[in-house]
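S.K.: Below you will find the structure I want to go over with you.
The values are calculated or read from the model by the stated rules, or taken from the named source; none is laboratory data. As the structure is a prediction and not an experimental result, all values here were calculated from the model. Here the Cβ positions follow ideal geometry from the backbone for every residue, glycine too, while neighbour counts run over all protein chains shown.
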Amino acid sequence: MAFSSDNIAVFLAVLDHGSFSAAARALGRVPSAVSMAIGLLEAELGLTLFERSSREVRPTESARALEAEARQMAGQLRRLQAHALSLHQGLERRLTLTIAPELLSAPWSEPLALLAEEFPSLEVEVLSVPQDQALRMLHDGVAQLAMIYERARVDDRESFQELGSEVLVPVISPRHKLAQTRLKSLESLIDSRQIAIVSRELQEADQRVLISRNVWRTDSHLAALSLVRAGLGWAYLPRRQIQPLLDNGELLHISFANMSNELRLWVDVVWTNDRPLGLGAKRLIALMQDISGLEARLPQK
């Protein structure tokens, strides 16, 4: 049979990345191996799947005609592998949870404390990284779970459980020049420096929280807070995290006359569909859901 799980993966990687070299990097192979695999597949099928040029390859009509079924077959193979692994599934040796820095003040430690009581031998690793990096680590198999803000688009490679929401508010230091001005609209912030918690790849950042033309970036919520307190810029920060600083006047709300100054984002715990979750990860998701449900029922201060 011409198609196999291996050459389907190569075929789809070339389609997705547009060149043999880029596909090879994604697959962890050398470009010559990818080129050879496609050449052998074309020879067995008696079809030309890609038109070659010096810098890129372009899929032919034949390749596009096969694409949908190839993706369906790849998905079925991932589900089959996940099912087979789940039949032998037990408690994982280590559970790695990545958390977006803005969510470090969210109630995630209490579910971990309950998990530790149930599975005292389970090793747990908690990593705080920007949201896009947390997702990359998830898909690379470095982490089993990622606690992040909701995204505009659903990725069919992932499953998620909504845990609640977090409120972000725009804040500045009293020493900042904006502290002396009542802003009339959100647009007034465009030309003022913003401190943002994002990775180095700014284009991957959540555009809902990027307002200014001038952005200073950091991957640490503590660094962001220090920069804001020093009067170097304004930032959207979690209200839960900064409320004590607002109460004592170390930080100030930026208020708008034409709209609310709050941005509510839903919080999800995310995992991939192609790697079955261990007992620890499954139990942590359930505990997180229980805690978030309890918190929603408690009177809000």
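S.K.: Can you find even one residue in segment 115-123 that is loosely packed, with under 13 Cβ neighbours inside 10 Å, among the charged types (D, E, K, R), touching a strand residue (DSSP E or B) at 6+ places or on another chain (Cβ under 8 Å) and farther than 15 Å from TRP271 by Cβ?
M.R.: Yes, segment 115-123 contains at least one residue that is loosely packed, with under 13 Cβ neighbours inside 10 Å, among the charged types (D, E, K, R), touching a strand residue (DSSP E or B) at 6+ places or on another chain (Cβ under 8 Å) and farther than 15 Å from TRP271 by Cβ.
S.K.: Continuing with this model, one more query. Mind listing just one residue for me: the one in segment 1-54 that is of a type outside the set (Ser, Thr, Tyr) and touching a residue at least 60 places away in the same chain (Cβ under 8 Å) and, of those, nearest to MET73 (Cα to Cα)?
M.R.: ILE8
For every residue, the table says whether it meets (1) within 19 Å of MET288 (Cα to Cα); (2) over 11 Å from the mean Cα position of the chain (by Cα); (3) outside any strand (DSSP E or B).
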| site | (1), (2), (3) |
| --- | --- |
| VAL126 | yes, yes, no |
| ASP132 | no, no, yes |
| ARG151 | no, no, yes |
| GLN161 | yes, yes, no |
| VAL171 | no, yes, no |
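S.K.: Looking at segment 277-301, which of its residues are modelled with pLDDT of 85 or more and either more than 30 Å from LEU77 (Cβ to Cβ) or not charged (D, E, K, R) (or both)?
M.R.: Once the filter is applied, which keeps residues that are modelled with pLDDT of 85 or more and either more than 30 Å from LEU77 (Cβ to Cβ) or not charged (D, E, K, R) (or both), segment 277-301 yields LEU277, GLY278, LEU279, GLY280, ALA281, LEU284, ILE285, ALA286, LEU287, MET288, GLN289, ASP290.
S.K.: Hey, another quick one. Among the residues of segment 227-244, is any modelled with pLDDT of 85 or more, assigned by TED's automatic domain parsing to the domain that holds ARG175, under 21 Å from PRO107 (Cα atoms) and among the aliphatic types (A, V, I, L, M)?
M.R.: yes
S.K.: Do the conditions hold for VAL57, that is, is it farther than 24 Å from GLY141 by Cα and buried (at least 19 other Cβ atoms within 10 Å of the Cβ)?
M.R.: Here the answer is yes, as VAL57 does meet what is asked.
S.K.: Also: Would you be able to tell me the number of residues in segment 1-37 that are farther than 18 Å from SER62 by Cβ, assigned to a helix (DSSP H, G or I) and of a type in the set (S, T, N, Q)?
M.R.: Looking only at that region, the number is 3.
S.K.: Would you check if there is a residue in segment 210-218 being in a loop (DSSP other than H, G, I, E, B), under 13 Å from the mean Cα position of the chain (by Cα) and at pLDDT below 90?
M.R.: no
S.K.: Continuing with this model, one more query. How many residues does segment 242-257 hold that are under 29 Å from the mean Cα position of the chain (by Cα) and not in a helix (DSSP H, G or I)?
M.R.: Residues in segment 242-257 being under 29 Å from the mean Cα position of the chain (by Cα) and not in a helix (DSSP H, G or I): 3 in total.
S.K.: For ALA74, state whether it is over 30 Å from ILE242 (Cα atoms), in contact (Cβ under 8 Å) with a residue 60 or more places away in the chain and part of a helix (DSSP H, G or I).
M.R.: On the way: over 30 Å from ILE242 (Cα atoms): yes; in contact (Cβ under 8 Å) with a residue 60 or more places away in the chain: yes; part of a helix (DSSP H, G or I): yes.
In short, yes.
S.K.: Is it true that LEU40 is in a helix (DSSP H, G or I) and surrounded by 15 or more Cβ atoms within 10 Å (Cβ to Cβ)?
M.R.: No: the conditions fail for LEU40.
S.K.: Could you please give the count of residues in segment 51-71 that are out of contact with any strand residue (DSSP E or B) (no Cβ under 9 Å at 6 or more places or on another chain) and modelled with pLDDT under 90?
M.R.: 4
S.K.: If we scan segment 102-119, do we find a residue that is under 24 Å from the mean Cα position of the chain (by Cα) and of a type in the set (Ser, Thr, Tyr)?
M.R.: Among the residues of segment 102-119, at least one is under 24 Å from the mean Cα position of the chain (by Cα) and of a type in the set (Ser, Thr, Tyr), which makes the answer yes.
S.K.: In this structure, is ALA84 at pLDDT below 90, touching a His at 6+ places or on another chain (Cβ under 9 Å) and either outside the structural domain of ALA134 (by TED's automatic domain parsing) or farther than 30 Å from GLY164 by Cβ (or both)?
M.R.: So ALA84 does not fit the description; no.
S.K.: Quick check on segment 186-205. Is at least one of its residues part of a helix (DSSP H, G or I), closer than 26 Å to ILE291 by Cβ, within 25 Å of the chain's Cα centre (by Cα) and at pLDDT below 80?
M.R.: no
S.K.: Taking GLU250 and the conditions (1) loosely packed, with under 14 Cβ neighbours inside 10 Å; (2) in contact with a helix residue (DSSP H, G or I) (Cβ under 9 Å, 6 or more places away or on another chain); (3) modelled with pLDDT of 75 or more; (4) more than 30 Å from ARG275 (Cβ to Cβ), which numbered condition does it fall short on, given that it satisfies the others?
M.R.: For GLU250, the exception is condition (1).
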